[in-house]
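Trainee: One structure coming up, written as structure tokens, with questions to follow.
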Amino acid sequence: MRINPWALPLVLLGAAIVALLVRDLSDPAALALAGLSAVIALSGAIQSAAHELRPAAAAFYVFWFAWLGVGPIAQLTLGRVAWNDTRALADPAAVRLALVLTALAIAFFAIGDLATRARVRAPRPEARASIRRVVHGIVVAALVVVGVNAVNVLGLNSLFASRNARGDALDAAGGSLSDAGGVVYALYTVLPAGLAIAAALLGVYRLQLAWRGLAHVRVSEMGLLLVGVVGIALFANPFSQTRFIALLALGSLVLAAVRPRSPRAGFAFLALGIAATLLIYPLANVFRRGTLSFGSITANTFVSPDFDGFQQVVNTLSYVQTHGFAGGHHLVSAVLFFVPRSVWADKATIASADVAKHAGYSFTNLSLPVHAELYLQFGIAGLVVGMLLLGVLAARVDSAWLHAPLSKWAMLAPLVSMAMFGILRGPLGAQVPAYLPAILILLVAIRSSPRTRALPDATEQPSYDLQPVGAR
């Protein structure tokens, strides 16, 4: 296995972070388990970026390292967690079990990822998908209609003010975020953002597929792309949208346009990802609270509400012990988010709210790491299978991204890569409604090449940098 010269410094950086945070720890076994999760995640991140950028896997590993690696280590060291919950660390057995599940989850994600990398049969480099122009046109037209209606109902100012202001406007329209669904929420929040993201990405792909120089760009294609970008600015900006929807929109658009693949790009992606998840992620509260201070980033940052993931794993164990497994009820409710409660009385609230309420929190809009939600739904079997499948998905889109940049799977890669952050953070009841519309639209709008053939072994096919069609 090749090792890039910058891999060792990154591992040492991770070790230095751990060493700086660890002081008089009363439970060395807990630290060892937390450190194991962090090491697996950091190693996976390096392997996903050192030789060629695999953005889906790299995004997942990087966020896991910061949020469920460094975060729990700091919390165990300091002896406290977010929301001043003094009970989350009171039971050493529950803490250790939560850390075992966390290490197990990232290990099975890595198994799914690495095993699929070695066996996936990727399309040949010349495989070229195409965009269904009629579908793209319908998406843009729907964005205009839905977007104008949303602006009229919510008001233009609320779309750029703050998340609280947008929430107040949505409440006034009869679609409270606390309801986690309904027609109003779908029409004014989820659908405009999904249509805008899909319209912009389809616009980028149409330009790339037909590129023969700037002088040959069609005004109509540029116009469709511009409508999508304006839609993202209105409905998926970081001022009034959640951080994860804004990241999905802006991050996937940049990835699709720039298409980074080289080791240098991998280094930049990894460095930016670590900085973003350890520094920018907690500072993003500026859009919710209006305060910004880089000087406030200390060890105490990792016991802030932004790092509530580990304690929610502990809280999930308590919830399951009392209520049992949910059997997929929360997941079905997430997919059918648009069904109003007046029609479906038994529709579940988001899983994180149920877990937080059971833990006695007055504020229940918390995170729920994906492996904790999988455990809540189906137990240890659900955790193992779910994390394996996530790893397989990451490897599948990453392989197409590297070996067949114009294939359908490669065009899904930017969206899947940026969605990994939100999927990991959870809850799925909040993230699936935000991501599903854009993903479904791309699946319908992108047509696979009929000439696509599989390689006997994708590992034998070297990656290459995609160049515009006219430059070949």
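Trainee: State the number of residues belonging to the stretch 19-53 that are at pLDDT 85 or above, aliphatic (A, V, I, L, M) and outside any helix (DSSP H, G or I).
Mentor: The qualifying residues number 2.
Trainee: In the stretch 331-370, what residues are of a type in the set (Gly, Ala, Ser), at pLDDT below 90 and more than 25 Å from Phe108 (Cα to Cα)?
Mentor: Ser333, Ser342, Ala345, Ala348, Ser362 - these are the residues of the stretch 331-370 that are of a type in the set (Gly, Ala, Ser), at pLDDT below 90 and more than 25 Å from Phe108 (Cα to Cα).
Trainee: Let me ask something else. Condition first: in a helix (DSSP H, G or I), open to solvent by less than 30 Å² (accessible area, probe 1.4 Å) and free of Cβ contacts under 8 Å to residues at least 40 places away in the same chain. Can you find one or more residues in the stretch 254-263 that meet it?
Mentor: Within the stretch 254-263, none of the residues are in a helix (DSSP H, G or I), open to solvent by less than 30 Å² (accessible area, probe 1.4 Å) and free of Cβ contacts under 8 Å to residues at least 40 places away in the same chain.
Trainee: Let me ask something else about it. Of everything in the stretch 106-141, what is in a loop (DSSP other than H, G, I, E, B), modelled with pLDDT under 85 and open to solvent by less than 20 Å² (accessible area, probe 1.4 Å)? Give them in sequence order. Don't jump to the end; show me each part of the working.
Mentor: Restricting attention to the stretch 106-141, the residues satisfying the condition of being in a loop (DSSP other than H, G, I, E, B) are 120-122, 124-129, 132.
Now drop any that are not modelled with pLDDT under 85, which leaves 120-122, 124-128.
Result: Val120, Ala122, Ala127.
Trainee: For the stretch 142-155, give me each residue that is open to solvent by 30 Å² or more (accessible area, probe 1.4 Å), free of Cβ contacts under 8 Å to residues at least 60 places away in the same chain and either of a type outside the set (Gly, Ala, Ser) or assigned to a loop (DSSP other than H, G, I, E, B) (or both).
Mentor: Filtering the stretch 142-155 for residues open to solvent by 30 Å² or more (accessible area, probe 1.4 Å) gives 142, 144-145, 148-149, 151-153.
Then keep just the ones that are free of Cβ contacts under 8 Å to residues at least 60 places away in the same chain; that gives 142, 145, 148-149, 152-153.
Within the stretch 142-155, Val145, Val148, Asn149, Asn152, Val153 meet the criteria.
Trainee: Still on this model: In this structure, is Ala56 crowded, with 24+ Cβ neighbours inside 10 Å and of a type in the set (A, V, I, L, M)?
Mentor: When the stated conditions are applied, Ala56 passes them.
Trainee: From the residues in the stretch 264-284 that are of a type outside the set (A, V, I, L, M) and buried (at least 16 other Cβ atoms within 10 Å of the Cβ), which one is modelled with the lowest pLDDT?
Mentor: Pro282
Trainee: Additional query: Going residue by residue through the stretch 412-433, is there one that turns out to be in contact with a strand residue (DSSP E or B) (Cβ under 6 Å, 6 or more places away or on another chain) and open to solvent by 10 Å² or more (accessible area, probe 1.4 Å)? Can you show your working first?
Mentor: Taking the stretch 412-433 and keeping what is in contact with a strand residue (DSSP E or B) (Cβ under 6 Å, 6 or more places away or on another chain), we get none.
No, there is no match, as no residue in the stretch 412-433 is in contact with a strand residue (DSSP E or B) (Cβ under 6 Å, 6 or more places away or on another chain) and open to solvent by 10 Å² or more (accessible area, probe 1.4 Å).
Trainee: Assuming Ala16 fulfils every condition listed in (1) within 11 Å of Leu76 (Cβ to Cβ); (2) modelled with pLDDT under 80; (3) not in a loop (DSSP other than H, G, I, E, B) apart from one, which condition is it?
Mentor: With respect to (1) within 11 Å of Leu76 (Cβ to Cβ); (2) modelled with pLDDT under 80; (3) not in a loop (DSSP other than H, G, I, E, B), Ala16 is out only on (1).
The values are calculated or read from the model by the stated rules, or taken from the named source; none is laboratory data. The shown structure was predicted, so the numbers you read here are calculated from the model rather than taken from an experiment. Neighbour counts run over all protein chains shown; Cβ positions are idealised from the backbone, glycine included. To get the accessible areas, we keep the full protein, side chains included, count just its heavy atoms, and leave off ligands, DNA and RNA. Shrake-Rupley method; radii C 1.70, N 1.55, O 1.52, S 1.80 Å.
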